[in-house]
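Okay, so here's the structure we're looking at.
The values are calculated or read from the model by the stated rules, or taken from the named source; none is laboratory data. Treat the numbers as computed from the prediction; the structure is a model and nothing was measured. Neighbour counts run over all protein chains shown; Cβ positions are idealised from the backbone, glycine included. These area figures cover heavy atoms from the full protein model, side chains too; ligands, DNA and RNA do not enter into them. Shrake-Rupley method; radii C 1.70, N 1.55, O 1.52, S 1.80 Å.
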Amino acid sequence: MSEISASETPSEEGARIIPISAARGTPPPGPSDATGPAGSVDERLAELLALLRRRIAGDYEVDEFGFDPELNDKVLLELIRPLYRHWFRVETLGVDNVPAETGALVVANHSGTLPVDALMMQVALHDEAHRAVRLLGADLVYQLPVLGHLSRKTGHTLASREDADRLLRKGELVGVFPEGFKGVGKPFSERYKLQRFGRGGFVTSAVRAGTPIVPCAIVGAEEIYPKIGDFSTLARLLGLPYLPITPFFPWLGPLGLIPLPSKWLIEFGEPIRTDQFDPEDADDPMLVFNLTDQVREAIQQQLDALRLRRGPAFPPFF
Amino acid sequence: MTHTVLVTGVSRHIGARVASALAADPGIGRVIGVDTVPPSSLTRDGGALLGRTEFVRIDLRTPDIAQVISAEDVDTVVHMSLVSEPAKSRSAMMEHNVIGTMQLLAACQRSAMVRRVVVRSTTAVYGSSPHAPAVFTEDTEPVDVPHSGYAKDAIEIEGYVRGFARRRSDVLTSTLRFANLMGPRVDSPLTRYFSQPALPTVFGFDPRLQFVHEDDVVEVMCRMAVEDRPGVFNVSGDGVLLLSQCVRRAGRTALPVPSPAFGVLGMLARTTGLVDFSPEQLALMSHGRVVDTTRLAATLAWKPKFTTAAAFDDFLQSRGMGADRTAALVDWLSGLATRR
């Protein structure tokens, strides 16, 4: 039966030449995806073996940023999807606001002590909008072993002007969290209060590329690891931006790393167009600050409305 | 019209191939090849004969080169003599690379005949860093400047070339930054690395690598030698391979080693003279490097014939390496599993 895998390889090859659209085109494989009749078990097994063969022979493509669509779709997203579906019960709204094919910049709030919200947004965009989002991450991630290369394989890259411009020019969907560590590491008492939006570098990139900015509000991430304190001296020694204290960490050890099962809502808002500006205007600080404020306002409003809509973070308890 | 081309570094494989390709071009009057040692390797090298190239033995670190350039009315200089690993010692390599280039450029500056200088450089000048953008264009400012070895030499050489271009603006200078060379006859630290039975990798890192096939290197150098294309250009095959992918394609086993230990291993390997694993190599093996080649494609209206993956496959084929055995094992297993 080796012909099966051999005959399947060429057809797979055709799909792999344009990996991103291939990832986009295929419907998201749900966890309870009962594909066809029972007779297809053999087919699925053959498919799995063909995948295994490609992986072992190194016969797949990654893009220049290190994005490996096959690994991302078939392995990495499968691993985090249960969190999205069952643990946080994420509901995604306003998917129509995400362009189906063209480039856009998704700007979201950042929270939760660990950047779980980024992963959940990635699953949301993959499963609901059928787009591979290219997130821009802090350089700390790329210095760390394991995390750095996994992050590249799942489509993320370094938050730098060059990378952002390049991805947007290629018509990719780029995701940024302009609050950065200020947002993700803020104390629980400041939950759902947007922090400062850096220097607005993301606006500059969007204006230069003429791509729309899609404001995105994520509600629920604030409650997963309520940060009530910080080992700031130890964090400085370790070169980390913060070392959180939560009601469960470090007191419960590794158990404290289990995120609390809050209820999540993710909403993509009305896109803010930037194509009426000249790409040269990207150097105008006034325009950049105004646009940055506009995006920030939009996200804060979305956040407040979404929080009301969600109600308690841990239904049915409180 | 190009009359007389001077090619440096003809005793090494790639320099010899460029010289012989230029010698085969009927549009070129004479090809003069220079190097510190006679091109002995050529006889057993097969195909890459120097043709009608006239060989002159010169120590590149001495001003003798000026005499050749003025006496033979050289109008095009193709500088291929960039050594990527120390033959004797690091300081000898630095002298060969940097002092050699200085002497050559000094000779060109004094010559009234030279009107085109083509210099081989490397994408190693960009370094490899977690703080750098994913893709380097020719104008990207390197974030972590490499401060040792081959890459440092290349940076200094490029600095001298820029200075020369400023002083002699009538001379067209082209600098070509090549990605890692790959091909059947390429002998570099990287090709030797991939020839080992087990490949030490840095634990937790999977760098993006790019290769350029030796045939494409020859073609680019030859075209630059006869066309007027001043500027700096990245040259690499299209596409990217991850190190893990290379290891799998080669049918080898990866041995992940924590990064400090990898450095120590590299030093040990260097002292035994097997492989040169300098600090830049460690950085490359951790963070990888990818360059943008649109400028070259737009300028020459040409793309390297070999993609990164094709260049690597050609190298593997020539060495009789490949993932056939592992693939056959999976096929056999899938045969077992699906038969029932």
For the range A:147-158 the number of residues that are open to solvent by less than 60 Å² (accessible area, probe 1.4 Å), more than 24 Å from A:V295 (Cβ to Cβ) and either in contact with a Gly (Cβ under 9 Å, 6 or more places away or on another chain) or outside the structural domain of A:T292 (by TED's automatic domain parsing) (or both) is 5
Given (1) part of a loop (DSSP other than H, G, I, E, B); (2) outside the structural domain of A:Q195 (by TED's automatic domain parsing); (3) not charged (D, E, K, R), A:L114 misses just (2)
| message | Among the residues that make up the range A:209-219, is at least one of them of a type outside the set (K, R), within 14 Å of chain B (Cβ to nearest Cβ) and assigned to a helix (DSSP H, G or I)? | response | no
Checking B:R167, B:R192, B:R162 in turn, the sole residue that is over 20 Å from the mean Cα position of the chain (by Cα), of a type in the set (D, E, K, R) and away from chain A (no Cβ under 14 Å) turns out to be B:R167
**Prompt:** Mind checking whether some residue in the range B:122-133 is polar (S, T, N, Q), over 30 Å from A:L168 (Cβ atoms) and away from chain A (no Cβ under 14 Å)?
**Reply:** no
Those residues of the range B:308-340 that are more than 10 Å from chain A (Cβ to nearest Cβ) and in a loop (DSSP other than H, G, I, E, B) come to a total of 3
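Return a yes/no flag: does the range A:61-68 have any residue that is hydrophobic (A, V, I, L, M, F, W, C), open to solvent by 10 Å² or more (accessible area, probe 1.4 Å), away from chain B (no Cβ under 14 Å) and outside any helix (DSSP H, G or I).
Checked against the condition, which is being hydrophobic (A, V, I, L, M, F, W, C), open to solvent by 10 Å² or more (accessible area, probe 1.4 Å), away from chain B (no Cβ under 14 Å) and outside any helix (DSSP H, G or I), the range A:61-68 yields no hits at all.
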Filtering the range A:245-303 down to residues that are charged (D, E, K, R), farther than 23 Å from A:N109 by Cβ and not in a loop (DSSP other than H, G, I, E, B) yields A:E280, A:D281, A:D283
Exception for A:L105 within (1) modelled with pLDDT of 95 or more; (2) aliphatic (A, V, I, L, M); (3) open to solvent by 30 Å² or more (accessible area, probe 1.4 Å) falls at (3)
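Residue check: is A:R161 surrounded by fewer than 17 Cβ atoms within 10 Å (Cβ to Cβ), under 26 Å from A:M286 (Cβ atoms) and within 14 Å of chain B (Cβ to nearest Cβ)?
The answer is yes for A:R161.
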Report whether or not A:G180 is under 15 Å from the mean Cα position of the chain (by Cα) and surrounded by fewer than 22 Cβ atoms within 10 Å (Cβ to Cβ). yes
Of A:R166, A:R85, the only residue that is part of a helix (DSSP H, G or I), away from chain B (no Cβ under 14 Å) and open to solvent by 10 Å² or more (accessible area, probe 1.4 Å) is A:R85
Would you check if B:E227 is open to solvent by 20 Å² or more (accessible area, probe 1.4 Å), modelled with pLDDT of 95 or more and either on the phi < 0 side of the Ramachandran plot or not charged (D, E, K, R) (or both)? no
